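Right, one structure below, let's go through it.
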Amino acid sequence: MTIAGFLKPYQFVRLIRADAQNVSRDPILIMMIVLGFVAPILLIFFRDKLDIWAENTLGISVLSQYVSIIAAAAPSVLIGWVAGFLLLEDRDDGPLLAMETTPIGKMGFIYYRLTVAFVLTFAISLIAAEMLLLVGWAVRLLFALLVGLESAIIALFLLALARNKVEGLALSKLINVSLLIPLLAIIPSFFRYAGGIFPTYWLGEMFVWSDVAPAGLTLSLLFAAVAHLVWLIGMTRLTARRLG
Amino acid sequence: MIHVENLSYVYPNAKTPTLSGLSFSIAKGEVFGLLGPSGAGKSTTQKILMGLLPGFSGTAQVLGAPVGTLGRSFYEKIGVSFELPTLYLRLTAAENLRLFASLFDRPTRDIHEILALVDLDVDADKRVEAFSKGMKMRLNLCRALLHDPDILFLDEPTTGQDPARARTTRELILRLKSEGKTIFLTTHNMAEADEICDRVAFLAAGHIPVSGAPADLKRQYGRRELLVTTTSGPHHFAMEGLGTNRDFLQLLTSDQIVSLHTQEASLDDVFIKATAHV
């Protein structure tokens, strides 16, 4: 039996344990993972207060519905960043090169990290979606799956484009902005579809259509799946090329 | 174990080849040293043999099969110690080794036994970020030995180590040779190669102008002469007819001799002469 297609269970457990030890000894990495939980939890407790404040001061009703999408998708950015940053560190400090001279190889190790990021993000996002998003279970499940894929895309984005850890930190600011992209979907203009080149846009589009028309929702899901897969494959290829 | 014939390599966008027509063979249980200055192509050669650099021309066979055809199981049979530390800094030495040991299918050696080989057993539970460069290099070597590989690729294995530790590492390499391991060593440290290599090849500007056993090369490029330093100054004697040379015999009984040195070349001399026209 293998996990992620190439790792035996004891190898997977050993890698997970080493990653847990590695992360637990860096306060910034711990903080990023904790923040992944904090945003959805805060929203669960303060949703009503947020809506009252938004109504009274901004004139926006049920702001929490839109913010919920961001909160439920936040784990992708935070866990994806941690996975990407660890890979950047492995590349800069050398363990990734050492992995290339083991039976699992450099790309095998990267796939392992992406698998962990995906599973962890999927689990957190599913729980967050369950508590925050007022949509059916199938949409929540698909939402969590897509958010999980986003964490893998973000990890690869960092590894492929950052030349070092400092550049990785700079790119993380850009990645944070991607959390706001789903909000483009609520703009009542055809031009909002320009945001469609970013995978996160389609999370917003799914929610716009979820209560309106099943056909629109299906189409949004289809585009969402295509956008996520295109980015995932593209980033995987770019990473493989950059790493040689 | 390793056979290379007419091996050439040009990096993408490079105007000149990094390697040009390299040929050599390494037998089982041999310590082979590829020597040369930084940028000569030593690491490139090693990367090709380890299957990390495709796109070369010529023949490169390791363990009887062309490089790149053995799949990932190839890495069960080779151990690699890189020129720079390649370790998880926040993990301890033992945690690093446990992690890498889990990635091999073949049985791995006891971690503390391996660490003891390089005097790191007392530091097993210390985080690697607290290690000196020399300690990290010794841990690199431990990782290469974990799965008891048949071939070891060691890139500048004594870098950053003090003379006593470097000697321990050299003794370990000789012990591994006596256990039948084949060792491919790349270094610019000629004295080290002289001490531990069965054969060496000099690499300069992508070519190997000279190769052979260190002792043979030193004789071949040296002078058949004996330098006798006495309290009154140096004296040179030809090796031919030395036993009947009256001046030499007189000096031997004079009680003035400070030292006697045959004038074979050092490996540094061999390298400089051999690569002068490359």
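Of the residues B:54, B:107, which single one is closer than 25 Å to residue A:13 by Cβ, surrounded by fewer than 18 Cβ atoms within 10 Å (Cβ to Cβ) and either modelled with pLDDT under 95 or within 14 Å of chain A (Cβ to nearest Cβ) (or both)?
Details: B:54 fails: closer than 25 Å to residue A:13 by Cβ.
Going through B:54, B:107 in turn, the sole match is B:107.
Among the residues here, residue B:23 qualifies as more than 17 Å from the chain's Cα centre (by Cα), among the small types (Gly, Ala, Ser) and more than 10 Å from chain A (Cβ to nearest Cβ).
Considering segment B:179-278, the qualifying strands (runs of 3 or more DSSP E), each wholly inside and each with 2 or more residues that are touching a Ser or Thr at 6+ places or on another chain (Cβ under 7 Å) and farther than 30 Å from residue B:46 by Cα, run over B:225-230, B:257-262. Residue selection: residue B:73 fails the criterion of being farther than 18 Å from residue A:89 by Cβ, within 10 Å of chain A (Cβ to nearest Cβ), of a type in the set (Ser, Thr, Tyr) and surrounded by 20 or more Cβ atoms within 10 Å (Cβ to Cβ).
Taking segment A:62-98, which residues are open to solvent by less than 60 Å² (accessible area, probe 1.4 Å) and outside any helix (DSSP H, G or I)? Working first, answer last.
To start, the set of residues in segment A:62-98 that are open to solvent by less than 60 Å² (accessible area, probe 1.4 Å) comprises A:63-64, A:67-90, A:93-96, A:98.
Within segment A:62-98, A:94 is the sole residue that qualifies.
Residue-wise test of (1) closer than 15 Å to residue B:112 by Cα; (2) under 13 Å from the mean Cα position of the chain (by Cα).
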{"residue": "B:123", "(1), (2)": "yes, no"}
{"residue": "B:143", "(1), (2)": "yes, no"}
{"residue": "B:165", "(1), (2)": "no, no"}
{"residue": "B:168", "(1), (2)": "no, no"}
{"residue": "B:171", "(1), (2)": "no, yes"}
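Residue pairs whose Cβ atoms lie under 7 Å apart, separated by 6 or more positions or on different chains, with the first residue in segment A:113-128 and farther than 20 Å from residue A:85 by Cα and the second basic (Lys, Arg), are A:126/A:140. Look at (1) within 14 Å of another protein chain (Cβ to nearest Cβ); (2) β-branched (Val, Ile, Thr); (3) farther than 30 Å from residue B:202 by Cβ and you find that residue B:62 fails only one, number (3). Screening segment A:184-229 for residues that are of a type in the set (Val, Ile, Thr), in a helix (DSSP H, G or I) and touching a residue at least 12 places away in the same chain (Cβ under 8 Å) and picking the one that is farthest from residue A:162 (Cα to Cα) gives A:208.
So, in segment A:99-108, of the ones that are at the interface with chain B (Cβ under 10 Å from one of its Cβ atoms) and in contact (Cβ under 8 Å) with a residue 24 or more places away in the chain, which residue ends up surrounded by the fewest Cβ atoms within 10 Å (Cβ to Cβ)?
A:108
Restricting to segment A:1-37, count the residues that are hydrophobic (A, V, I, L, M, F, W, C), in a helix (DSSP H, G or I) and open to solvent by 50 Å² or more (accessible area, probe 1.4 Å). I'd like the intermediate steps shown before the answer.
Here is the first cut: in segment A:1-37, the ones hydrophobic (A, V, I, L, M, F, W, C) are A:1, A:3-4, A:6-7, A:12-13, A:15-16, A:18, A:20, A:23, A:28-35, A:37.
So of that shortlist, the ones also in a helix (DSSP H, G or I) come out as A:12-13, A:15-16, A:18, A:20, A:23, A:28-35, A:37.
Those still in the list that are open to solvent by 50 Å² or more (accessible area, probe 1.4 Å) too: A:13, A:16, A:20, A:28, A:30-31, A:34-35, A:37.
The qualifying residues number 9.
Here's the yes/no breakdown for (1) part of a helix (DSSP H, G or I); (2) open to solvent by 60 Å² or more (accessible area, probe 1.4 Å); (3) touching a residue at least 40 places away in the same chain (Cβ under 8 Å); (4) of a type in the set (Val, Ile, Thr):
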| position | (1), (2), (3), (4) |
| --- | --- |
| A:139 | yes, no, yes, yes |
| A:143 | yes, no, yes, no |
| A:157 | yes, no, yes, no |
| A:167 | yes, no, no, no |
| A:173 | yes, yes, no, no |
| A:182 | yes, no, yes, no |
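For segment A:76-91, the count of residues that are modelled with pLDDT under 85 and either away from chain B (no Cβ under 14 Å) or in contact with a strand residue (DSSP E or B) (Cβ under 8 Å, 6 or more places away or on another chain) (or both) is at least one. Within segment B:76-95, the only residue that satisfies the criterion of being open to solvent by 10 Å² or more (accessible area, probe 1.4 Å), more than 7 Å from chain A (Cβ to nearest Cβ) and free of Cβ contacts under 8 Å to residues at least 40 places away in the same chain is B:92. Within segment B:202-256, the residues that satisfy the criterion of being of a type in the set (Ser, Thr, Tyr) and open to solvent by less than 60 Å² (accessible area, probe 1.4 Å) are B:221, B:229, B:230, B:254.
The values are calculated or read from the model by the stated rules, or taken from the named source; none is laboratory data. These numbers were taken from a predicted model, which means no experiment stands behind them. Don't worry about glycine lacking a Cβ; one is built from the backbone with ideal geometry, like all the others, and counts go over all protein chains shown. Keep in mind that these areas ignore ligands, DNA and RNA; they rest on the heavy atoms of the full protein, side chains included. Shrake-Rupley method; radii C 1.70, N 1.55, O 1.52, S 1.80 Å.
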